[in-house]
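Notes follow once the structure below has been shown.
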Amino acid sequence: TTTTTTTTTVPDLIQGWTLGELNESCDEACARFAATCNVGPLNNGNFESSDLAHHNYVLGLMNGAFGAPLTCGSPQGNSGAYTPSVEPSTGNKCRYHYSGFTASCVSKSTTYRRFCCCSTASGDCPVSAE
């Protein structure tokens, strides 16, 4: 009897953040790291603004781990629970959520890649350098 073991290498979390794949929830993205989604940073009030500084800060943290540098091309408000997110097929349009709407760890989108916080450690998943 022969036993074969396959090992898959997954990029490390970047200060608690990862970028979900298309049609992948944050629960699924975090599971790749044996981690649990933390919805708190996803519902940070800074992601309720068309000022994309916080989106670009988080994308900047993840650059390098996910290939070519990513920045937000333009803002798009949304009431979907899959925000904050970025849409690669439209020049990286970034979705922010309208005030009063909240993100969830289970939502997914076939066109947007979710920003996912996979850590509950203090100081992880920052949304700015401050």
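The values are calculated or read from the model by the stated rules, or taken from the named source; none is laboratory data. Here the structure is a predicted model, which is why all the values come from computation and not from measurement. Counting neighbours? That spans all protein chains shown, and the Cβs are built from the backbone with ideal geometry, glycine included. Ligands, DNA and RNA are stripped out before the accessible areas are found, and what is left, the full protein with its side chains, is counted by its heavy atoms. Shrake-Rupley method; radii C 1.70, N 1.55, O 1.52, S 1.80 Å.
For the stretch 12-130, just say rounded, prolate or oblate: build the C-alpha gyration tensor, square-root its eigenvalues into a ≥ b ≥ c, call rounded for a/c under 1.5, and beyond that prolate if a/b exceeds b/c, oblate if not. Note, shape of the stretch 12-130 comes out rounded. Distant-in-sequence amide contacts of residue 23, defined by a placed amide H-H separation under 5 Å and a gap of 5 or more residues or a different chain, comprise 109, 110, 111, 112. In this structure the chain gives 50 Å² per residue of accessible area when probed at 1.4 Å with all protein chains present. Put simply, the amide H of residue 93, placed in the peptide plane, has neighbours under 5 Å in 73, 74, 87, leaving out anything fewer than 5 places away on its chain.
Over the stretch 31-90, with every protein chain in place, what whole percent of the accessible area is carbon and sulfur at 1.4 Å, could you tell me? All intermediate terms of the calculation are to be shown ahead of the outcome.
Details: 1300 of 2600 Å².
Ligands and nucleic acids excluded, carbon and sulfur give 50 percent.
Sequentially through the stretch 84-90, phi angles give Karplus couplings (6.51, -1.76, 1.60; θ = phi - 60°) of x, 7, 10, 10, x, 6, 10 Hz, Gly and Pro residues having no value and appearing as x. Packing around the peptides 98-107, 26-35, taken as the average count of other Cβ atoms within 10 Å per residue, puts them in this order, highest first: 26-35, 98-107.
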